[in-house]
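Heads up, the thing below is written out as structure tokens.
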Amino acid sequence: MVRAWQNIPIKDCGEQLFPFPSTIKCFDPHPYFSLGAPYGKNANPFRLRISALKKLLLAEASLKKSNPELRFSVFDAWRPIEVQEFMINHEISKECNSRGLIFQKKSHEKKIIEVINEVGKFWAPVDNGSKAPPPHSTGGAIDLTLADAKGKPLFMGSEIDAI
């Protein structure tokens, strides 16, 4: 599956990644760290390029102004390519296990390809030769939800409350 952003080559703008200020609530512990995702020593997934971070801070200020009882709660932000690959493989394995599919079984091959395609709808594929990496790997994407003033995520009709 080709995503619209994959056809747009990315030129490195040279912006550094900056950690979120303490005013931004983040999921703790980070869900992918808990799974063993290979962030590397002392890596912080809760950081963005400065331009993206400024937009996040402006958006949260606007949210607080219009809805003082609401905040953002950040699930995930920067994700190195190795973590992206790890999480794609994790999700494929998890879904195959839930369906009783075994990778080595030839008769399961078609259903495993279906799982891979389904996972690809939610996880940006990694092509190490590409000039258009997954957005999270550029420091320019963020996954968040709404939370109450104390930072507790609100139920949004999904599995987010179970994390």
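Taking N as the number of residues in the stretch 1-90, what value does Rg over Cα atoms divided by 2.2 N^0.38 Å take?
With N residues counted in the stretch 1-90, Rg over 2.2 N^0.38 Å equals 1.24.
Step by step: find N for the chain, compute 2.2 N^0.38 Å, then divide the Cα radius of gyration by it. What's the final number?
On the way: Rg = 17.6 Å, N = 163, 2.2 N^0.38 = 15.2 Å.
Expressed relative to 2.2 N^0.38 Å, the Cα Rg reads 1.15.
Of SER62, SER51, SER73, which has the most accessible area with a 1.4 Å probe, and how do the rest follow in descending order?
SER62, SER51, SER73
For the chain, report the accessible area per residue in Å² (1.4 Å probe, heavy atoms, rounded to an integer).
Spelled out: the 1.4 Å probe surface of the chain, per residue, equals 64 Å².
Could you work out the longest stretch of the chain that avoids the chymotrypsin sites (Phe, Trp or Tyr not before Pro) located in DSSP loops with at most 16 other Cβ atoms within 10 Å?
Result for the longest clean stretch: 1-102.
Which order do you get for CYS13, CYS26 if you rank them by accessible area with a 1.4 Å probe, largest at the top?
Sorted descending by solvent-accessible area, the residues read CYS13, CYS26.
Give the relative contact order (percent, whole number) for the chain; include only Cα pairs under 8 Å separated by 6+ residues.
Averaging sequence separation for qualifying contacts and normalising by length gives 31 percent for the chain.
On full extension of the chain, what length is gained from LYS150 through ASN42, given 0.36 nm per residue of separation minus the C-alpha to C-alpha distance?
Gain on stretching LYS150 to ASN42: 36.2 nm.
Which loop-located trypsin sites (Lys or Arg not before Pro) does the stretch 1-97 contain, where loop means any DSSP state but H, G, I, E or B and the Cβ has at most 14 other Cβ atoms within 10 Å?
Hits after loop and neighbour filter: ARG3, LYS11, LYS41.
How big is the charge dipole of the chain about its Cα centre, in debye rounded to the nearest 20, if each Lys and Arg gets +1 on its Cβ and each Asp and Glu gets -1 on its Cβ?
200
At 7 Å along Cα-to-Cβ for each site, give me the label-to-label distance between LYS65 and ASN117 in nm.
A separation of 4.6 nm, rounded to one decimal place.
To the nearest 0.05, what FRET efficiency results for LYS11 and ARG99 with a Förster distance of 30 Å applied to their C-beta separation?
That gives a FRET efficiency of 0.15.
Label points 7 Å out from Cα along the Cβ direction at PHE33 and ILE50: separation in nm?
Rounded to a tenth, the inter-label distance reads 2.5 nm.
With unit charges on the beta carbon (Lys/Arg positive, Asp/Glu negative), name the residue among ILE92, LEU70, ASN44 whose Cα is farthest towards the positive pole of the charge dipole of the stretch 1-133.
LEU70
If amide hydrogens are placed 1.01 Å from N in the peptide plane, which non-local residues have theirs closer than 5 Å to the one on ASP76?
ASP143
Using the Kirkwood radius built from alpha carbon pairs, what does the Stokes-Einstein equation give as D for the stretch 90-157 at 37 °C and 0.692 mPa s, in µm² per second?
219
Ignoring ligands, DNA and RNA, how do THR145, THR138, THR23 rank by accessible area with a 1.4 Å probe, largest first? Present the calculation step by step, with values, prior to reporting the outcome.
Numbers: THR145 15, THR138 35, THR23 85 Å².
Ranking THR145, THR138, THR23 by accessible area, largest first, yields THR23, THR138, THR145.
For the stretch 1-98, with all protein chains present and a 1.4 Å probe, just round the carbon and sulfur fraction of the accessible area to a whole percent.
C and S atoms contribute 56 percent here.
Bin width 10 Å, origin at 0, all Cα-Cα pairs of the stretch 52-144: what percent of pairs per bin?
Going from the shortest bin to the longest, the percentages are 14, 33, 26, 18, 7, 1.
The values are calculated or read from the model by the stated rules, or taken from the named source; none is laboratory data. None of these values were measured; they are calculated from a predicted model. Counting neighbours? That spans all protein chains shown, and the Cβs are built from the backbone with ideal geometry, glycine included. Each accessible area value is taken on the protein alone, full model and side chains, heavy atoms only, with ligands, DNA and RNA left out. Shrake-Rupley method; radii C 1.70, N 1.55, O 1.52, S 1.80 Å.
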